[in-house]
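Chemist: This structure is in structure tokens; I'll ask about it shortly.
What follows draws every value from the coordinates through simple rules; no lab data is involved. Note that the structure is predicted; figures quoted are calculated from it, not measured. Here the Cβ is made from the backbone with ideal geometry for all residues, glycine too, and neighbour counts use every protein chain on show.
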Amino acid sequence: MTEPEVIVVGAGPAGLSAATELARAGRRVVVLEREAEAGGVPRHCGHSPYGMREFKRVMSGPAYAARLRDTALAAGATIRTGTTVTALLPGGRVEVTSDQGPEMLAAPVVLLAMGVRETSRAARLIGGEKPGGVMNTAALQGLVYLNGQSPFRRPVVLGTELVAFSALLTCRHAGIKPAAMVEPGPRVTAWSAARWLPRLMGVPLYLQSDIAAIRGRSRVEAVVLHTPNGEVEIEADGVIVTGGFRPESALLRTSHLGVDPQGGGPVIDAWGRLADPAYFAAGNLLRGVETAGWCWAEGRRTAHAILSALEGRLPAPGGARLTVAHPALRLAVPQVLGPASDAPHDRLQIRLTRAVKGRLRLTQGDRVLVEARIDALPERRLSLPLPPTLSDAEVRLELEETR
Amino acid sequence: MSDPLSLGSYDVAVIGAGVVGCALARAFTLAGARVVVLEKAADVLDGASKGNSAILHTGFDAPEGSLELACIRDGYALYHEVRERLGLPLVRAGAMVLAWSEEEVASLPTLMAQAEANGITDLEPLTGPGARALEPALSAAVRAGFRVPGEHLIDPWSAAHGYLAQALANGAVLLRQAEVLAGRHSGGVWHLATTAGAVSADLVINAAGLWGDEVDRRVTGESWFTIKPRKGQFVVYDKTAAALAGHILLPVPTKITKGIVVCRTAFGNLLVGPTAEEQDDRDHATVERETLQALMRRGEEILPALAEHEVTAVYAGLRPATEEKHYRIRDDLAPGYICVGGIRSTGLSAALGIAAHVLRLAGRDWAAPADPVWPAMPNISVDGQRDWQCAGHGGIVCHCELVTRREIEAALTGPMAAGSLAGLKRRTRVTMGRCQGFYCSAELARISEGRLLQPMLEHD
């Protein structure tokens, strides 16, 4: 392949859908994937439903991942697996390493689509010992669906975001019977029907509870919970630490691009473009977690913005910088707002750290641009429409809570 | 040997494969002895040596005139002497001892005088602003301090691995899952019963760390000291935080502990710790959220910008302290028996010095190999080239720490092949980065299946 016009970092749903659109438009695009196979997280998520929006049918994660890859290849994109980006440099140059050793690649546009990961046990400062058998959902799913291995029989599941229920389904698939599901908050984080799943599987659900300590030297032997009724010790042989998704943004943190301290992902404008206009971003890297279908659609829309950029049809970078003015607001993206008709981001995506009732307001000076009443749970999808025109003055996202 | 369970007879049996045991194995092997190392765990460095602050100390604050000081000084010099040939890293960070109160400022002159008496002559006094000129991320609350240029950072594990690898390359034998159960001295020879079988040796060296007193009892029938485990908890920050401190930032030490240190690691992270907590349990070292949060607060008092950085890992280690502060090294408990006990937090710095001291104590003559082998350890630190920078590495498996398939394969083969996931982590850094195994656990389980003494996943 001659010099690419677009380098895509990450072959998950966002990266592959963008690559497909770019290749279909006749652009030379290379996707860099550090894993041995393309497809991203759905590759090791064995259960349904995937693919309804994209392929109009219900698919399993691995089938969906393969379909995304095949579609991109058929469109003419090149996918290089086993290729790790080690540095992002100004102007669209990226350092990579693969079995062939280090090399430098460059393209007029680099699309960052590195996705997300769950917060680790360590980052949550969970107490106790450090035996084997404590892992995130993704690690469990890799073991179960990719390897056909089963790391434990009676784990405790921490967290109740959607992915925690995916972990329960994975357990059921592998014949693993969780000993308990534990949620620090007052209610289940995921959609309300999900709360029936642990009960259907006979898994006790502990709300307003947390893991105080993990016991066991080489393998987990017990998990101690803080519950409203005091300490409870549960016999268990593993812990699944679920959710708390954070952007896989290590490359950004160590580059000239930096990250948004609030959300942990890149700072983008409505076109999905970073301050260095050679870089764009899409998918879960932007925010923490959304569905694969959402990421796929976002990748596609961002591809169209990239096509405009390659044709010199995007407005110059710039716009109003967004300030987020409430501790319950964990994320608001895009962070640079500007004239954005036809832009991939016509809504402001927002996430909360806790349940909130009140009014969400986007203001500029003393002008209220958008206002909405919300009654929302943490980590749930939440957004505001972005005004079609804006001056470059600071825009504030405010939250007024009602009781 | 007629005994079917006999695992052979040796000149020297070293009990315990911590950093001190590994250094002893090397020193005696290079002196020409046939050495066997007996380790009860599935891998080496599984006790006190698995969690420390990875600083190569000069000995500036060690007790004047002590054996500990002599061993640290020797160990420090010997590390510099052997490190290039063994492929061991050295990050020349230098340390700053910082005073945060008037009381601490008042104790600085005594500390500096002690350091000079200990032979460290390149100290540089620092005013508060002087310290901040060198380390701009330091809090403005710092009053004064002094700089110890010779304090450095090393890899806490590759040093010990390197010592043992050299012993094994020159004829020593490592037996794992070989816990010493009893000893009997007859006809000038020690007969040790272990969980792996019987071993005999002319000289037995107890380097059993946290179990030093127990091994004394099992082999000689009595112990002359009691281990009082002292736990240290640590917080490891993301690599982005490493830019906040070039120097090792030390507090003014107390009688009990060197105090909470903030320093980079040889792997490019930033470390805050340890605590010093007395406990009876020698097997279990737990972390506690409240303590970790207190460490983080202390870290932020020293480097306010630390608050913006993420925590990558947390861990707890146990130091084999005893009822007395000094090293408990003795050769007069039983014939042909040397106890090397009570090597607390300075063991990493002093190991090579301790080994040289014990070799002199043993006072025996063997035929030293004329041209010993010097196996070089693979570099996994920031001090030098990494495998991912060279072709043919087979791809990256651990993305956060850029650990290659070739590095993992190497760590799973040879006489010192990893015996457990923890051992594989210490040799390669797999799963020790930001994601803590989110991405690579499944791949690692595939690669290591059937190849670890203590499997990553246990099946019945």
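Chemist: Taking a threshold of 26 Å on the Cα-Cα distance, which of the pairs A:LYS177/B:LYS239; A:LYS130/B:LYS255; A:LYS130/B:LYS228; B:LYS239/B:LYS325; A:LYS177/B:LYS425; A:LYS177/A:LYS357 fall above it?
Modeler: Violating the 26 Å Cα-Cα cut-off are A:LYS177/B:LYS239; A:LYS130/B:LYS255; B:LYS239/B:LYS325; A:LYS177/B:LYS425; A:LYS177/A:LYS357.
Chemist: Okay, moving on. 7 Å from Cα along Cα→Cβ at both B:GLU290 and A:GLU394: what's the point-to-point distance in nm?
Modeler: 4.0 nm
Chemist: If the reach is capped at under 14 angstrom between alpha carbons, list the aspartates and glutamates near B:LYS231, excluding any in the same chain fewer than eight residues apart.
Modeler: Those aspartates and glutamates meeting the cut-off are A:GLU129, B:GLU277, B:GLU278, B:ASP280, B:ASP281, B:ASP283, B:GLU288.
Chemist: Tell me the mean residue ellipticity at 222 nm calculated for chain B from its helices only (DSSP H runs of n ≥ 4, each -39500 (n - 2.57), averaged over every residue, nearest 500).
Modeler: Mean residue ellipticity, 222 nm, calculated: -8500 deg cm²/dmol.
Chemist: Related question: With the crude spin-label approximation of a point 7 Å out along Cα→Cβ, what separation in nm comes out for B:ASP280 versus B:ALA141?
Modeler: 3.7 nm
Chemist: Give me the log10 of I(q) over I(0) for the protein assembly as shown at q = 0.08, 0.09, 0.10 Å⁻¹, as the Debye formula computes it from C-alpha points; what are the numbers?
Modeler: Values returned for q = 0.08, 0.09, 0.10 Å⁻¹ are -0.77, -0.96, -1.15.
Chemist: For B:LYS40, give me every one of the lysines with a C-alpha distance below 18 angstrom, ignoring sequence neighbours fewer than eight places off in its own chain.
Modeler: Partners found: B:LYS50.
Chemist: Let me ask another. Using amide H atoms built in the peptide plane, which far-off residues or other-chain residues are under 5 Å from B:TRP190 H to H?
Modeler: Under 5 Å from the amide H of B:TRP190: B:ALA201, B:ASP202.
Chemist: Also, quick follow-up: Each label point is 7 Å from the Cα along the Cα-to-Cβ direction; what then is the distance between the points at B:SER107 and A:ARG93, in nm?
Modeler: The modelled label-to-label distance comes out at 5.2 nm.
Chemist: Taking the beta-carbon count within 10 Å as an exposure proxy, list A:SER383, A:SER249 from fewest neighbours to most. Before the final figure, lay out each step's value.
Modeler: Numbers: A:SER383 16, A:SER249 26.
The fewest-first ordering by Cβ neighbours comes to A:SER383, A:SER249.
Chemist: Amide H of A:GLY91 versus every other amide H placed in the peptide plane: which residues, excluding those fewer than 5 positions away on the same chain, fall under 5 Å?
Modeler: A:ALA278
Chemist: Give the shape of the stretch B:387-458 as rounded, prolate or oblate, defined through the alpha-carbon gyration tensor: a ≥ b ≥ c are the square roots of its eigenvalues, a/c under 1.5 means rounded, and otherwise the shape is prolate if a/b is larger than b/c and oblate if not.
Modeler: oblate
Chemist: Based on the alpha carbons, how large is the Rg to Rh ratio for chain A when Rh follows Kirkwood?
Modeler: Ratio of gyration radius to Kirkwood radius for chain A: 0.98.
Chemist: Can I ask one more? With 39 Å as the cut-off, how large is the P(r) tail for chain B, expressed as percent of Cα-Cα pairs? Please report the intermediate quantities before stating the final value.
Modeler: Numbers: 20909 of 105570 pairs.
In whole percent, the long-distance tail amounts to 20.
Chemist: Show the residues, 5+ positions off or on another chain, whose built amide H is closer than 5 Å to the amide H of B:THR322.
Modeler: B:LYS228
Chemist: What number, in percent, do you get for the relative contact order of chain A if the mean sequence gap of Cα pairs under 8 Å and at least 6 apart is divided by its residue count?
Modeler: Values: 1014 pairs, mean separation 60.8, N = 403.
Relative contact order here is 15 percent.
Chemist: Moving on to the next point. May I ask for the equivalent-ellipsoid semi-axes of the stretch B:32-143, computed as the square root of five times each C-alpha gyration tensor eigenvalue and listed largest first in whole Å?
Modeler: After scaling each eigenvalue by five and taking roots: 34, 18, 15 Å.
Chemist: With an 8 Å Cα cut-off and a minimum separation of 6 or more residues, compute the relative contact order for chain B in percent.
Modeler: Relative CO of chain B lands at 22 percent.
Chemist: Quick one: angle between helix A:292-310 and the longest Cα principal axis of chain A, in degrees between 0 and 90, rounded to 10, please.
Modeler: Once rounded, the angle reads 20 degrees.
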